[in-house]
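Since every read-out is calculated from the coordinates, none of them should be taken as a lab result. Quick caveat: nothing in here was measured; it's all calculated off a predicted structure. Please note: Cβ atoms are built from the backbone with ideal geometry, for glycine as well, and neighbour counts cover all protein chains shown.
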Amino acid sequence: MVAYWIAALSAEDMAPLKDYAAQARIAVDKYGGRSLSRLGRFKLLEGEFVGDKMAVIEFDTMEQAVACYNSPEYQKAKALRDGKTDAVFFVLEGTE
């Protein structure tokens, strides 16, 4: 069953995050992820939310999505944005 990384980031300046994006892409590609929306426009309709940028990445399975996040490649990417962004990341399993 497919699973989706849902990521929301808040960053005033995206320029320093170019290295993060390049490194994250290495991890996502290695684990078979497919970008469905990167930094796409979104509108919050209800509640409070952290972030002004959003990404959705599809993986073939929940296990692949979690393994990608925990991988050395992605953790290297995450270290590049630590202290530069506020973020919320979660994995959502698709339903039939």
> Hey, how many Å between the Cα centroid of segment 1-27 and the Cα centroid of segment 53-96?
Replying inline: 8
> Going toward the positive end of the dipole of the chain, with +1 on Lys and Arg Cβ and -1 on Asp and Glu Cβ, which of Y4, T95, Y74 do you reach last?
Replying inline: Y74
> How big is the charge dipole of segment 3-93 about its Cα centre, in debye rounded to the nearest 20, if each Lys and Arg gets +1 on its Cβ and each Asp and Glu gets -1 on its Cβ?
Replying inline: 320
> Pulled fully out, how much extra length does the chain show between F90 and D29, if you take 0.36 nm times their separation in residues and subtract their Cα-Cα distance?
Replying inline: 20.1 nm
>> Looking at the chain as a GNM with Cα springs under 10 Å, which of E73, E46, E58 has the largest mean-square fluctuation?
In response: E46
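Tally Lys and Arg at +1 and Asp and Glu at -1 over the other residues with C-beta under 14 Å from the C-beta of G94: what net charge comes out?
-4
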>> Can you find, among Q64, I26, V50, the residue sitting farthest towards the positive end of the charge dipole of the chain, where Lys and Arg contribute +1 and Asp and Glu -1 at Cβ?
In response: I26
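Tell me, what is the FRET efficiency for A22 and T61 to the nearest 0.05, using R0 = 25 angstrom and their Cβ-Cβ distance as r?
Using R0 = 25 Å, I get an efficiency of 0.50.
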>> Apply the Karplus curve 6.51 cos²θ - 1.76 cosθ + 1.60, θ = phi - 60°, to the phi angles in segment 53-65 and return the couplings in whole Hz, x for Gly and Pro.
In response: 10, 9, 9, 10, 10, 9, 10, 5, 9, 4, 4, 5, 4
> What residue among M54, M62, M14 has the largest mean-square fluctuation in a Gaussian network model of the chain, using Cα springs under 10 Å?
Replying inline: M14
> In cubic angstrom, how much convex hull volume per residue do the alpha carbon atoms of the chain span?
Replying inline: 98
> Among A21, A79, A11, which one moves the most in a GNM of the chain with springs linking Cα atoms closer than 10 Å?
Replying inline: A79
>> Quick check: pseudo-label points 7 Å beyond the Cα along Cα→Cβ at R41 and N70, how many nm apart are they?
In response: 3.9
